[in-house]
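Novice: My questions all concern the structure below.
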Amino acid sequence: NVTRVRLSDCGIKAMPKDMRLMEALETIDLDRNELESLPDGLCTLRSVKTIRVRENFLSDLNPRIMSLSSLVCLDLSRNKLLSVCAEIRWMSSLVTLNLSHNRLRKLPPI
């Protein structure tokens, strides 16, 4: 079973639909692509521990990402995020949250 997928610098505009079927995935690297949002399919991967989507075009965070109870590292740096939902504080496994170089105006209590 594949546990790590690296799709950096591929010009991806949408996550490959079959990726949601890769239940053993622990690390997903989608850096430097053209994603405008995190797809719902990504939020169904229960084993994922690390998600990197640096340098894309994300303007908001899919609230379904809060359901990823195994997520330890979420790197959303260098996107176009304006805000982050307050529910992110309930992600008890999350150790690293990188929001640098975005357009954040306000952060929720964490």
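The values are calculated or read from the model by the stated rules, or taken from the named source; none is laboratory data. If you're wondering where the values come from, they're calculated on a predicted model, not measured in any experiment. Glycine also receives a Cβ, built like all others from the backbone with ideal geometry; neighbour counts cover every protein chain displayed.
Novice: With the requirement that a residue be among the acidic types (Asp, Glu) and either surrounded by 15 or more Cβ atoms within 10 Å (Cβ to Cβ) or not in a helix (DSSP H, G or I) (or both), what does the range 7-55 give you? Write out each step before concluding.
Specialist: Let us first name the residues in the range 7-55 that are among the acidic types (Asp, Glu), namely 9, 18, 23, 26, 29, 31, 34, 36, 40, 55.
Selection gives 9, 23, 26, 29, 31, 34, 36, 55.
Novice: Please work out which residue is surrounded by the fewest Cβ atoms within 10 Å (Cβ to Cβ), limiting yourself to the range 65-88 and to residues that are charged (D, E, K, R) and in a loop (DSSP other than H, G, I, E, B).
Specialist: Going through the range 65-88, the residues charged (D, E, K, R) turn out to be 75, 78, 80, 87.
Filter once more, so that each one left must be in a loop (DSSP other than H, G, I, E, B): 78, 80.
On the way: 78: 18, 80: 13.
Within the range 65-88, the match that is surrounded by the fewest Cβ atoms within 10 Å (Cβ to Cβ) is 80.
Novice: Collect the residues in the range 89-100 that are in a loop (DSSP other than H, G, I, E, B) and either surrounded by fewer than 14 Cβ atoms within 10 Å (Cβ to Cβ) or among the polar types (S, T, N, Q) (or both), keeping them in residue-number order.
Specialist: At the first step, the residues of the range 89-100 found to be in a loop (DSSP other than H, G, I, E, B) are 91-95, 99-100.
Across the range 89-100, the qualifying residues are 92, 93, 95, 100.
Novice: Can I ask one more? Considering only residues of the range 54-110 that are among the acidic types (Asp, Glu) and modelled with pLDDT of 90 or more, which is farthest from residue 31 (Cα to Cα)? If you could, list the steps in order and put the result at the bottom.
Specialist: Our first condition is that a residue be among the acidic types (Asp, Glu); within the range 54-110, this holds for 55, 60, 75, 87.
If we keep only those that are modelled with pLDDT of 90 or more as well, we get 55, 75.
Numbers: 55: 6, 75: 9 Å.
The qualifying residue farthest from residue 31 (Cα to Cα) is 75.
Novice: Let me ask you something else. Report yes if residue 58 is crowded, with 16+ Cβ neighbours inside 10 Å, assigned to a loop (DSSP other than H, G, I, E, B) and without any contact (Cβ under 8 Å) to a residue 24 or more places away in the chain, otherwise no.
Specialist: Working: crowded, with 16+ Cβ neighbours inside 10 Å: yes; assigned to a loop (DSSP other than H, G, I, E, B): yes; without any contact (Cβ under 8 Å) to a residue 24 or more places away in the chain: yes.
Yes: the conditions hold for residue 58.
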